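Read through the structure below, which is laid out as structure tokens, and then see the notes.
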Amino acid sequence: MIFESSLSCVECASVYPSVDGYWKFTDESFDPIARESDEGRPTIMEGERTSGSRFVGKYLIPKLQGLQLESAKVLSIGCGFGADVAQLRQWGHEGYGIDLWRARAPEWANLGLSPEWCYVADARALPFQDKEFDVVLCIGLIEHIGTVGDTAQLQPDYQFQRQAFLKEALRVAKHGVFLTTPNRTCPADFGHATSSNKLLRWVGRRTGVWLHSPFEPFYLSYRSIENSLDGLPVEVTPWELRNYFGFAIRSSHRWVKFFMPFLALYFGALDKAPTYLRKSWLNPFILAFIKPS
């Protein structure tokens, strides 16, 4: 039954509030976005919108066509400001999104995203039925499951939390889950500063490339993902790097723009390599499509 400011479940008697016009299905209170400065927030928003739109148009839409899903129902877990959800709908797909932190919600309305399409919810306990979506997206999210707030410090049960997250994503996906995250076995990352070494942090700030140990548990590898799925009837396939942009090109890191043609050649060669090489340290990104076998 829907009330003016809350939603109740007739089966479990839980009551969920409406926050900024969107349903909130979690008690999570920590909100790092609330700590962002007014000056830095527009930059973050614009970066997400640009990368989200580019990812959907250049990478995801051809993949959905390859799966013969011309009008797919797609859930983006950790959708942030909702750029990918909005872009999916512009391409004629049913885009839906959830994000854990409620401060993202006011921006969904600015993109014209209905409260029927986006929710504040926990990825480890999704408020959806089994096989409700054709494809589920988990873009740059799993490494943040099981951390302490918005840091790289891990909680004692982080592995259990990540397993729960993967099982939930697979539960609501009919055709499969597309998951992206930096590859632990590759020592270079373009978005997370996990090392406490002052020299490595200085190099990261100057270049945009953050170096880490291949044993750093904050990151995942193809093997660790497969181990988390052990016993489940699924198949983990690496998708191509071509047209995937897993890091932002910032004006302060001009070298990235200079090397993009060389990176494109490298990624193209890696896409043609055997699967075991695509899952190795040679690949800076995990682009894994997990589907029922």
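Summary table below
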item	result
Of LYS24/LYS58; LYS58/LYS174; LYS131/LYS279; LYS167/LYS291, pairs whose Cα-Cα distance is over 21 Å	LYS24/LYS58; LYS58/LYS174; LYS131/LYS279
Summed side-chain charge close to GLY268 - residues other than GLY268 whose Cβ falls under 15 Å, Lys, Arg +1, Asp, Glu -1	+2
Hypothetical label at ARG171: residues of the stretch 55-80 whose amide nitrogen lies under 20 Å (7 Å Cα-Cβ projection)	74-79
R0 of 41 Å, Cβ-Cβ distance GLU70-ARG206: FRET efficiency to nearest 0.05	0.35
Extension gain, LYS257 back to THR147 (0.36 nm per residue minus Cα-Cα distance, nm)	36.4 nm
Gained length - ALA193 relative to ALA269, 0.36 nm times residue gap less alpha-carbon distance	24.5 nm
Ordering of 76-88, 214-226 by burial proxy (mean other Cβ atoms within 10 Å per residue, highest first)	76-88, 214-226
Per-residue HN-Hα couplings for the stretch 216-229 [Karplus 6.51, -1.76, 1.60; θ = phi - 60°; Hz; x = Gly/Pro]	5, x, 4, 8, 10, 10, 4, 5, 5, 5, 5, 5, 5, 9
Phi-based couplings in Hz for the stretch 187-204 (Karplus 6.51, -1.76, 1.60; Gly and Pro marked x)	x, 10, 10, 10, x, 10, 9, 9, 7, 8, 5, 5, 5, 5, 5, 5, 4, x
LYS131/GLU226 FRET efficiency (R0 25 Å; Cβ-Cβ; nearest 0.05)	0.65
Charge-dipole axis of the stretch 113-204 as Lys and Arg at +1 and Asp and Glu at -1 on Cβ define it, positive-most pick from PRO187, PRO156, VAL120	PRO187
Sorted peptide list for 198-204, 101-107, criterion being average Cβ within 10 angstrom, highest first	101-107, 198-204
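Where a number appears in this text, it was derived from the coordinates with a stated rule and is not lab data. Keep in mind that this is a model prediction, so the values were computed, not measured. Ideal geometry is used to build each Cβ from the backbone, glycine not excepted, and the neighbour counts take in all protein chains shown.
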